[in-house]
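Report on the following structure.
The values are calculated or read from the model by the stated rules, or taken from the named source; none is laboratory data. Everything numeric here is computed off the predicted structure, so don't read it as measured data. Neighbour counts run over all protein chains shown; Cβ positions are idealised from the backbone, glycine included.
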Amino acid sequence: MKKLIVQIAAELHIPDDWQLVEHPGGMQVLKVGDKFVDFDITPLATTSSDPDATWTDEDHELTSRILDAVTDLDADMTIELQH
């Protein structure tokens, strides 16, 4: 068995009314209107080698196999004010 480490960093420019809050479930999430938003990993797959291939998570069996292999996942969010 091997270990794959995937590091994903994303930067979003968000409106001033979006905010980071503590969800009652004990995790930090983004609050957008009346919705709580968390970031997760969703594997996308294709069978095409075409450079413009369509990537989807529609293969539910494969997606489940990949997600079942995840042993640790952490999303760290901060908001930086821009001047």
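General remarks:
- Yes/no for Thr42 being of a type in the set (Val, Ile, Thr) and at pLDDT below 95: yes
- Selection from region 5-25 of residues that are free of Cβ contacts under 8 Å to residues at least 12 places away in the same chain, under 20 Å from Asp72 (Cβ atoms) and either among the hydrophobic types (A, V, I, L, M, F, W, C) or touching a strand residue (DSSP E or B) at 6+ places or on another chain (Cβ under 8 Å) (or both): Ile5, Ala9
- Residues of region 70-83 that turn out to be surrounded by 11 or more Cβ atoms within 10 Å (Cβ to Cβ) and out of contact with any Asp or Glu (no Cβ under 7 Å at 6 or more places or on another chain), as a count: 3
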